[in-house]
Amino acid sequence: MTLPRASRPFVEFPAILRAHGFAVAPDQTIDFLQSISLLGPRDIADIRRAALATLAIPRERQAEFDALFQAYFLGQALAAPIEDEDGDEGVEAFEPSSETIEIDQDEGEEEPGELATSAELLGRRQFAAIADPDALRDLARRAAKELPRRQSYRRFLDNRGTRIDLRRALRQALRRDGEVFDLPKTRRKTKQRRILLLIDVSGSMKDQSDVALRFAHALVQSADSVEVFSLGTRLTRITAPLRLKDADRALDGVGAAVADFDGGTRIGEALAAFLAVPRFAAYARGAATLVLSDGLERGSPEALITAVQRLSRVSWRLDWLSPLAADPLYEPRTEALSACLPFLDALVPGDRIEAMCTHVLSLARPA
């Protein structure tokens, strides 16, 4: 039996909830459909109220339900500040739109980094116009050949292929009265692997965030598939403004989109917010994930450790680029970053554009 097109979203959404650990029974899905039919919903708020009333969402998981609801029905993510029971604001996921999701995360009590803070400072950053260094032009020239690639599901004819194309062979036999002179072989095409950049824009990275964003802009312009997010007291997707070809205009767009430049540091909570939104988390699946941060975490060490562990499981590889690692004697001192080392493929310097470009171009080479 084929479902009516209009009812499919209301059947698929309970299935998504079940996939994320919510106990939603089939009869509750039927109740949800019936309530939608009875309400004749006038806006998305009516659908949300019907879901809460019929799908038995636990109060303690309502924030997670809201994140999934907004991501599925609205497809965009924009957060407004919320407060937990102790009066602390949760980390928010931002993307330019008119929709809101709220992801509440607890904040740690101790401050591992001396320069790190949890205070949220909102403002717009202005970027000075500078000429592109040679490293960025070199990245644009070499990206197509040297960035990591993965196998595609599409295939093409190749005498060195590993699979015989039986359909093509039969067509040749029909044209040649049953004679087959050679067996056409195919192999899979390759495509550039997605690169995910997670850039720390907190106060402790004030001197490095400009460099990191210029590198991100050059990479977005050079590679086939790149996603970029900023981390601070909020999580902001900044891929869209970075697609502008002119670097200064692109960075002006980033400055307008990111409201928490030079503010607090909640890397763990921001990464947890990233992983809590299914559409965002999908960007990390099979991607080369690069975290550009000094690792001076103000939030809970457990939140960062758990988020990095989950991120490493879904990513093709997970590298941490820290400006502090430029010192040959550098060793991670914070509790969180030290515990994250087993889940990282590399901890490398991220203090200069040249170092970032060199590292990203080396990802496809054997270790």
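Bear in mind these aren't lab numbers, they're just calculated from the coordinates by the rules spelled out. Every value quoted in this text rests on a predicted model; they were computed, and no experiment measured them. So basically every Cβ, Gly included, is an ideal-geometry build from the backbone, and we count neighbours across all protein chains shown.
If I model a spin label as a point 7 Å beyond the Cα along the Cα-Cβ vector, how far apart are those points for PHE73 and HIS20 in nm?
Inter-label distance under the simple model: 1.3 nm.
Which whole-angstrom value gives the distance between the alpha carbon centres of the range 297-325 and the range 219-262?
Value for the Cα centre distance between the two parts: 20 Å.
Work out from phi, with θ = phi - 60° and the Karplus expression 6.51 cos²θ - 1.76 cosθ + 1.60, the ³J(HN,Hα) of each residue of the range 307-323, listed in order in whole Hz, and give x for Gly and Pro.
Here the 3J(HN,Hα) series is 5, 5, 4, 5, 5, 5, 6, 8, 8, 5, 8, 10, 10, 10, 9, 10, x Hz.
Please work out the FRET efficiency for the pair LEU52 and TYR330, using the Cβ-Cβ distance as r and a Förster radius of 45 Å; give the result to the nearest 0.05.
With R0 = 45 Å, the Cβ-Cβ based efficiency is 0.35.
For GLU297, enumerate residues with amide H under 5 Å from its amide H, sequence gap 5+ or separate chain, H modeled in the peptide plane.
GLY113
For the range 343-367, list residues with backbone N below 17 Å from a point placed 7 Å from the Cα of ARG317 toward its Cβ?
The answer is 343-350, 355-367.
What lysines does LYS189 reach when the alpha-carbon gap must be under 20 Å and sequence neighbours fewer than 8 apart in one chain are set aside?
Counting by Cα, and skipping residues close in sequence, LYS189 has these lysines nearby: LYS145.
Each residue of the range 9-20 in turn: what ³J(HN,Hα) in whole Hz from Karplus with 6.51, -1.76, 1.60 and θ = phi - 60°, glycine and Pro shown as x?
x, 7, 8, 6, 4, x, 5, 5, 4, 4, 5, 9
Taking K and R as +1 and D and E as -1, what net charge do the other residues with C-beta under 13 Å from the C-beta of SER315 add up to?
Around SER315, the charge tally is +4.
Starting from 0.36 nm per residue, how many nanometres of slack lie between ALA281 and ASP31 once their C-alpha separation is accounted for?
87.0 nm
By per-residue mean of other Cβ atoms within 10 Å, what is the highest-first order of 165-176, 226-237?
Final packing ranking: 226-237, 165-176.
Sorted by mean Cβ packing within 10 Å, highest first, what order do the peptides 206-215, 335-344, 18-27 take?
Highest mean packing first, the order is 206-215, 335-344, 18-27.
Amide H of ASP260 versus every other amide H placed in the peptide plane: which residues, excluding those fewer than 5 positions away on the same chain, fall under 5 Å?
GLY123
Give the long-range amide H neighbours of THR236: residues separated by 5 or more places, or on another chain, with amide H under 5 Å away, using H modelled in the peptide plane at 1.01 Å from N.
PHE94, SER230
List, in order, the whole-Hz ³J(HN,Hα) value for each residue of the range 265-278 obtained from phi through the Karplus relation with A = 6.51, B = -1.76, C = 1.60 and θ = phi - 60°; use x for Gly and Pro.
Here the 3J(HN,Hα) series is 10, 9, 4, x, 5, 5, 5, 5, 5, 4, 6, 6, 9, x Hz.
What distance in nm separates the two pseudo spin-label positions at ASP158 and ARG61, each 7 Å out from Cα along the beta-carbon direction?
Calculated label separation equals 4.5 nm.
What FRET efficiency would be calculated for the residue pair SER225, ARG42, taking the C-beta separation as r and a Förster radius of 30 Å, to the nearest 0.05?
0.20
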